[in-house]
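The values are calculated or read from the model by the stated rules, or taken from the named source; none is laboratory data. Just so it is clear, the model here is predicted, and its values are computed rather than measured. No Cβ is skipped: glycine too gets one built from the backbone with ideal geometry, and neighbour counts run over all protein chains shown. Keep in mind that these areas ignore ligands, DNA and RNA; they rest on the heavy atoms of the full protein, side chains included. Shrake-Rupley method; radii C 1.70, N 1.55, O 1.52, S 1.80 Å.
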Amino acid sequence: MKNWVLLRGLMREKRHWGVFADLLQQKYPADQILMVDWPGNGELHQQTSLHRISDMVQHLQSTLTQKGCCAPYHVIAVSLGAMVAIEWMRQSPQDIASATLINTSLRPINPFYQRLRPHNYTQLLSMLFRTNAEQEQLILQLTSNQAHPATLQQWIAYQQQHPISKLNILRQLWAAATYRAPIETPQTALQLISSQHDRLVDQQCSLTLAQLWGVPHAVHPTAGHDLPLDDPQWLIEHLP
């Protein structure tokens, strides 16, 4: 039996894994699928978001221990979640059996204009002045290349139930922007996956990391930043 740990990104919660988590469980019915909310998101939306990736690792390890879970883990992580996975591998490589990192980027390896495409700067800042529904509509536009009207309504409902404060948005953005990753290749079985038509993060970020670390890199030809949403079955087929 494997223990899978699924890590989401900026302003996202466990429920944003959608059907991907269900499909993963169907493929591996004997395995344990573990999903964790970051402080400030989801069930923890009333808490103050952590502003350092290293603190998110501590939160993750503490949460898994409280759940009675045991390493090693097979990690699937998107964007900000992948940064946490990389720091986790640096701190405690023995905890992780494998890691699949999706559409991530790292300072100082990737330049800022690839880590976040410049045309998105003002749109992300505008979230501080948008309603919950407008925030979710913008996030869906930036991260998905599929038409998901039902998904939008679902995400709006999540936001209404577990609203994210403006301060917590800024703290999460700061954590992602300031994290400085190790240059050394992680000592863990690792693969990178990117979306060719990611409109948020340049897929060159994953390509550069794969070349630097000498690890496998798969590219989805049509999906957006939120690959688990756009093509969950393809992602499952590319897991180790």
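So here's what we get for this one:
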{"read-out": "Exclusive hit being surrounded by 17 or more Cβ atoms within 10 Å (Cβ to Cβ), under 13 Å from Met11 (Cα atoms) and not basic (Lys, Arg), set Ala176, Ala99", "value": "Ala176"}
{"read-out": "Matching residues in region 187-201 - criterion: being buried (at least 20 other Cβ atoms within 10 Å of the Cβ) and either more than 24 Å from Asn145 (Cα to Cα) or in contact with a Cys (Cβ under 7 Å, 6 or more places away or on another chain) (or both)", "value": "Thr188, Leu190"}
{"read-out": "Residues of region 202-216 classified as open to solvent by less than 60 Å² (accessible area, probe 1.4 Å) and either over 16 Å from Thr100 (Cβ atoms) or over 17 Å from the mean Cα position of the chain (by Cα) (or both), total", "value": "5"}
{"read-out": "Filtered residue count, region 229-240, keeping only those that are more than 17 Å from Gln141 (Cβ to Cβ), crowded, with 16+ Cβ neighbours inside 10 Å and in contact with a helix residue (DSSP H, G or I) (Cβ under 9 Å, 6 or more places away or on another chain)", "value": "4"}
{"read-out": "Residue that is open to solvent by 20 Å² or more (accessible area, probe 1.4 Å) and under 20 Å from Glu13 (Cα atoms), where the choices are Gln135, Gln154", "value": "Gln154"}
